[in-house]
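Throughout, read-outs are computed from the coordinates displayed, never taken from laboratory work. The model shown is predicted, which means the values in this text are computed figures rather than measured ones. All Cβ positions, even for glycine, are placed from backbone atoms using ideal geometry, and neighbour counts span all protein chains on display.
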Amino acid sequence: MAKPKVALYWAASCGGCDIGLLEIGENLLKLIDAVDIVFWPVAMDVKYKDVEAMEDGSIDVCLFNGSIRSSEQEHIAKLLRAKSKVMIAYGACAYQGGIPGLANMYNREMLMERAYLETPSTENPDKVLPQTSYQAPEGELTLPLLFDTVKTLAQTVKVEYIIPGCPPEAETTWMALEALINGNMPPVGTVITDSVKSVCDECPRKRDVKKIKKFHRTYEIIPDPEICLLEQGLPCAGIATKGGCGARCPKAGMPCTGCYGPVDGVIDQGAHFMNAIASVIDSNDPEEIAKIIADIRDPAGTFYRYSLPDSVLRRARV
Amino acid sequence: MSFEPTILGILCNWCSYSGADLAGTSRKKYPANIRIIRVMCSGRVDPVFILKALQSGADGVLVLGCHPGDCHYTSGNYKAMRRMEMLKKLAEQMGIEDDRIRLDWVAASEGDRFAEIIKDMTEKVKKLGPFPRDGGDNG
């Protein structure tokens with residue numbers, strides 16, 4: 001039997017997902033024995049036209065990382081979708097928009113102005129902004145169009161499976177790849193992690209009563225190593241985040257930021273997290289409540305760190 | 001034709017829904033823009049209900065509960081108070097105008113107050129215009 005063909009692609013992402021894949025270590029050799037990698041821009045020299053020349057459905061599995069925020073990324077997502085039998089959203093960006101998804105707090109115009117005109121290190125007296133097309137003496141030069149709104153992979157093409165994480169932990173990645181190699185993939189639509197519960201279920205910290213009088217930012221306190229971080233006033237997303245990562249961040253004294261996505265049955269991870277955080281505020285006095293909440297400086301960035309494009313609102317109204 | 005907003009009212013069973021009922025039986029006049037859903041307590045209202053309502057067709061969302069201290073379940077309305085305060089801060093960042101989301105208190109005997117709140121909120125949301133459901137996305 002021919003080896004399954006696998007494609008890997010990165011769209012709007014930092015490259016961490018490709019590193020995440022390498023994290024599987026020696027298992028990488030097992031993977032290479034079991035499958036043929038036909039397309040992987042970060043590691044192999046394959047051109048888009050080589051993919052275009054492939055027959056539809058000829059790739060068995062595509063591991064796609066990164067969100068969709070340009071016409072090029074959208075084109076390749078659609079192309080790889082047509083060529084692949086199974087499409088997997090790999091990592092937080094493909095799954096929920098990820099960190100690039102926070103661009104949905106702004107629009108294209110605001111982003112362009114910030115990046116090409118306002119930043120202190122930029123000198124651009126002629127106010128030149130990137131154009132999708134430029135007529136040079138030698139011919140036309142083109143660039144992809146930057147979208148106004150960052151989209152998830154599933155908002156762009158049909159997706160069969162999700163591997164969460166920023167980046168996915170090696171155990172999670174290998175769990176999915178092993179299932180793929182052995183041909184026992186779970187039902188379509190599954191978010192592949194080895195936990196059905198929240199990060200708190202994997203967290204060894206001691207939990208008692210959650211009553212918060214003051215929220216802190218991570219740099220403001222050195223947390224007690226034994227006690228639940230939320231109880232110490234750090235907004236920890238463990239309560240609203242699917243497990244499978246082994247609670248690595250809380251174990252190391254950093255609050256969970258929510259990269260594994262929502263727990264089952266939740267449509268909006270950020271609102272769920274916000275709801276939980278608001279509920280533990282220990283005050284019945286409107287003024288005191290407002291004062292406690294004022295310590296959460298950036299609610300959108302705190303609650304929707306990885307999930308803004310996948311949220312109910314999808315973007316800010318600007 | 002002038003814009004007629006759709007306002008979702010989420011009312012607690014014990015005080016506010018009875019207050020709305022009293023407004024009806026006392027034949028108080030108030031705008032027909034409100035659509036009411038009854039919940040057992042304002043503490044049941046998850047912020048996602050409000051976001052989803054806006055995204056699904058509401059131009060404003062009004063949550064009404066028992067006055068502080070009067071909650072049938074002792075503290076549900078205080079929970080609502082904390083959640084709405086947090087939601088309003090998030091809404092401001094997300095470009096949702098303050099007048100689109102409102103938490104207020106109506107007791108079972110306050111039919112007049114209920115009618116006044118509906119009138120006031122309808123006028124304010126009318127001025128704001130429809131909620132931009134697509135978020136101004138232009139590709």
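General remarks:
- Cysteines, chain A, no other Cys beta-carbon under 4.7 Å: A:CYS14, A:CYS17, A:CYS62, A:CYS93, A:CYS200, A:CYS203, A:CYS228, A:CYS236, A:CYS245, A:CYS249, A:CYS256
- Ranked by the mean number of other Cβ atoms within 10 Å per residue, highest first, peptides B:34-47, A:93-106, A:206-219, A:230-243 order as A:93-106, A:230-243, B:34-47, A:206-219.
- Loop sites in the range A:113-208: GluC sites (Glu not before Pro), DSSP, at most 14 other Cβ within 10 Å: A:GLU123, A:GLU138
- Each DSSP beta bridge with both residues in the protein assembly as shown is either parallel or antiparallel, and the antiparallel ones are about 20%.
- Set A:LYS197/B:LYS79; A:LYS291/B:LYS79; A:LYS213/B:LYS79 screened for pairs whose C-alpha atoms are more than 23 Å apart: A:LYS197/B:LYS79
- Measuring r between the beta carbons of A:SER71 and A:LYS127 and using R0 = 25 Å, the FRET efficiency lands at 0.60.
- Computed label-point distance, nm, for sites A:LYS30 and A:MET254 using a 7 Å Cα→Cβ extension: 2.8
- Highest average packing first - A:43-49, A:254-260, B:64-70, B:94-100, Cβ atoms within 10 Å: A:254-260, B:64-70, B:94-100, A:43-49
- Once C-alpha pairs closer than 8 Å and six or more residues apart are averaged by separation and normalised to the residue number of the range A:106-147, the relative contact order reads 28 percent.
- Contact order normalised by residue count of the range A:3-134, Cα under 8 Å, 6+ apart, percent: 26
- Within straight-line reach of B:LYS89, meaning a Cα separation under 12 Å, sit the following aspartates and glutamates at least 8 residues removed in sequence or on another chain: A:ASP295, A:ASP298, B:GLU97, B:ASP98.
- Distance between the pseudo-spin-label points of A:THR190 and A:ARG317 (7 Å out from Cα toward the beta carbon): 4.1 nm.
- Relative contact order of the range B:7-128: 39 percent, from C-alpha pairs under 8 Å at least 6 residues apart in sequence.
- Computed from the C-beta positions of B:ALA32 and A:THR142, the FRET efficiency with R₀ = 60 Å rounds to 0.65.
- Exercise: per-residue mean of other protein chain Cβ atoms within 10 Å, A:292-304: 3
- Cα shape, chain A, gyration tensor, a/c 1.5 rule: oblate
- Straight-line cross-link partners of A:LYS49 among the aspartates and glutamates, defined as a Cα under 18 Å from its Cα and at least 8 positions apart when in the same chain: A:GLU72, A:GLU74.
- Listed residue pairs exceeding 30 Å between alpha carbons, taken from A:LYS30/A:LYS242; A:LYS158/B:LYS88; A:LYS78/A:LYS127; A:LYS3/A:LYS47; A:LYS206/B:LYS88; A:LYS242/B:LYS52: A:LYS158/B:LYS88; A:LYS78/A:LYS127; A:LYS206/B:LYS88
- Spatial offset of the range A:194-235 relative to the range B:44-64 amounts to 29 Å, using the alpha carbon center of each.
- R0 of 60 Å, Cβ-Cβ distance A:ASP224-A:GLU52: FRET efficiency to nearest 0.05: 0.60
- The mean count of C-beta atoms from other chains within 10 Å of the C-beta of residues in A:82-91, rounded to a whole number, is 0.
- Counting, for every residue in A:240-253, the Cβ atoms of other protein chains within 10 Å of its Cβ and taking the mean gives 0.
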